[in-house]
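A short worksheet on the structure shown next.
The values are calculated or read from the model by the stated rules, or taken from the named source; none is laboratory data. If you're wondering where the values come from, they're calculated on a predicted model, not measured in any experiment. Glycine also receives a Cβ, built like all others from the backbone with ideal geometry; neighbour counts cover every protein chain displayed.
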Amino acid sequence: MFNIIQKLSNKLEKSLFRTTSYKSNQDESAEFWHDYCLAGKASAPTGRLAALAQHRNPIIRQRVAENVYIPGYVQRLLVNDEDTNVRITLTTNRSVLVEIWKQLAEDESELVRFSLARNKDMPVPLLFNLARDKQTNVAGQAQQTIEEIFGAVRLRAFAA
């Protein structure tokens, strides 16, 4: 009889733990989605964006890096982010300051530099610097991007 009571007690305790844990996960999930949505809004207060740029979850920081309305001081926080994916996301943001692109062009991560080399919005002199990168895939991608930019210019001039 004692064993049955003990087993039921253990099951009840586990069930209560799962319910509490589920509630906690729901609260965390609601907070996550609120932060995620706010991080991508054009109208988000800059102070809040700065706080979200230092969020514990890298997905939130990536979302901030995607936002074309982030001010320069938030970009400066993100360019030094420990998570490579956050810095990669920043390379695709067309409103990034030139000084941030310069820092990203010297990033220790080959993946960050490769992603930057694909960006047709960055200044051509930086692309030329990346075309001389020590990693051949980064240099090759920069060269390809340069050719696409100047090829498009030639096509537009020819069509006019």
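Of these, ARG48, ARG113, ARG76, which one is closer than 25 Å to GLU28 by Cβ, at pLDDT 95 or above and of a type in the set (D, E, K, R)? Give the steps one after another, and end with the answer.
Numbers: ARG113 fails: closer than 25 Å to GLU28 by Cβ; ARG76 fails: closer than 25 Å to GLU28 by Cβ.
None of the others qualify; the one that does is ARG48.
If I go through segment 79-101 residue by residue, how many of them are in a helix (DSSP H, G or I) and under 11 Å from the mean Cα position of the chain (by Cα)? First the steps, then the outcome.
To start, the set of residues in segment 79-101 that are in a helix (DSSP H, G or I) comprises 79, 84-91, 98-101.
Next cut, under 11 Å from the mean Cα position of the chain (by Cα) only: 79, 84-91.
Number of matching residues: 9.
Let's see how each residue does on (1) among the acidic types (Asp, Glu); (2) part of a loop (DSSP other than H, G, I, E, B):
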residue: ILE60; (1), (2): no, no
residue: ILE70; (1), (2): no, yes
residue: LEU77; (1), (2): no, no
residue: GLN103; (1), (2): no, no
residue: LYS120; (1), (2): no, yes
residue: LYS134; (1), (2): no, yes
residue: GLU147; (1), (2): yes, no
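Between residues in segment 121-144 that are closer than 15 Å to ILE100 by Cα and loosely packed, with under 14 Cβ neighbours inside 10 Å and residues that are of a type in the set (D, E, K, R) and at pLDDT below 95, which pairs lie under 8 Å by C-beta distance while being six or more apart or on different chains?
What qualifies is ASP121/ARG94.
Being under 13 Å from the mean Cα position of the chain (by Cα) and over 21 Å from ILE146 (Cβ atoms): is that true of ASP35 here?
On the way: under 13 Å from the mean Cα position of the chain (by Cα): no; over 21 Å from ILE146 (Cβ atoms): yes.
Taking the combined requirement at face value, the residue does not satisfy it.
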